[in-house]
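Read through the structure below, which is laid out as structure tokens, and then see the notes.
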Amino acid sequence: MREQDLVATVRCVAAFLPHDNVVADDPSDWQTAAEVLIAAVRIFPKHLLLVATALAALHRTGEWSDHIDDVIVAARGGDAKVVKCAARVLHAHVLSARGLEKLPTVATVAAGWMELYPLDHDIEYYGAVVLVTAASVEPVDITRVHGQTGVDAVDVAVVRGATATQLDGVLTIEDRKWSEWVMEKLFPRLRGAARARAA
């Protein structure tokens, strides 16, 4: 690809960001837009500005759930701007009607990003919401879709994220740090599961 192809792609992707620049007359237009944005990320995976912009635009489309694997792959380089945009997409995904899909993977990835960037407010916030949401899902529902390994993966991710964060007040629940609140809620379940396995 030539440099002018890259520049043209960045301009096209950036056009999705201002709220009033893009109007979808048909819901399938947003689905098509999401596919185009992910295609741009796949074609130019090393161009961090393009990748971050495309992920930010993907969030706007509301059509991210089919592309979660691509979002995770796009952020593997660890660039903070890209990770922030990717974390926002994962945050939106777990709060959506399809949030149970890929929940163990999404929780694990969010915890890993929180470990990489324990002092980044945005990454810590989006990661905290992902993990609190994951921790609030009943184990029986996770087991139904992902098996016991899915429950275990979510539990481990919550512990990793809660112990990684170094920022106070990023997210509070009942006037307490989310990490303290969720650990108190989760550890009894972990202790109960350990006793059941030992019996």
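The values are calculated or read from the model by the stated rules, or taken from the named source; none is laboratory data. Computed from a prediction, not measured in an experiment: that's the story for all the values here. Cβ: placed from backbone, ideal geometry, glycine included. Neighbour counts: every protein chain shown.
Data table
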| quantity | calculated |
| --- | --- |
| Qualifying residue in the range 124-137 (condition: of a type in the set (A, V, I, L, M, F, W, C) and farther than 16 Å from Lys185 by Cβ) | no |
| Hey, Val154 assigned to a helix (DSSP H, G or I), assigned by TED's automatic domain parsing to the domain that holds Val89 and either in contact with a helix residue (DSSP H, G or I) (Cβ under 7 Å, 6 or more places away or on another chain) or of a type in the set (Phe, Trp, Tyr) (or both) or not | yes |
| Answer from Glu35, Glu124 - the residue that is surrounded by fewer than 17 Cβ atoms within 10 Å (Cβ to Cβ), modelled with pLDDT of 90 or more and not in a loop (DSSP other than H, G, I, E, B) | Glu35 |
| Gln166, sole failed condition from (1) over 19 Å from His91 (Cβ atoms); (2) of a type outside the set (A, V, I, L, M, F, W, C); (3) assigned to a helix (DSSP H, G or I) | (3) |
| Residue in the range 18-28 that is buried (at least 22 other Cβ atoms within 10 Å of the Cβ) and part of a helix (DSSP H, G or I) present | no |
| Identity of the residue in the range 166-178, in contact with a Leu (Cβ under 9 Å, 6 or more places away or on another chain) and not aliphatic (A, V, I, L, M), that ends up nearest to Trp113 (Cα to Cα) | Gln166 |
| Unique match (being at pLDDT below 95 and in a helix (DSSP H, G or I)) among Val106, Val159 | Val159 |
| Among (1) in a helix (DSSP H, G or I); (2) in contact with a helix residue (DSSP H, G or I) (Cβ under 6 Å, 6 or more places away or on another chain); (3) surrounded by fewer than 16 Cβ atoms within 10 Å (Cβ to Cβ), the one test that Val145 misses | (2) |
| Criterion violated by Ala134 - all others in (1) crowded, with 22+ Cβ neighbours inside 10 Å; (2) more than 16 Å from Val106 (Cβ to Cβ); (3) not charged (D, E, K, R) satisfied | (2) |
| Breaking point among (1) over 17 Å from His91 (Cα atoms); (2) in contact (Cβ under 8 Å) with a residue 24 or more places away in the chain; (3) touching a Lys or Arg at 6+ places or on another chain (Cβ under 7 Å), for Ala135 | (1) |
| Test: Lys102 is farther than 18 Å from His146 by Cα and among the basic types (Lys, Arg) | no |
| Subset of the range 148-176 that is polar (S, T, N, Q) and within 10 Å of Glu124 (Cα to Cα) - its residue that is surrounded by the most Cβ atoms within 10 Å (Cβ to Cβ) | Thr165 |
| When residues of the range 50-103 are limited to those that are assigned to a helix (DSSP H, G or I) and charged (D, E, K, R), the one surrounded by the fewest Cβ atoms within 10 Å (Cβ to Cβ) | Asp69 |
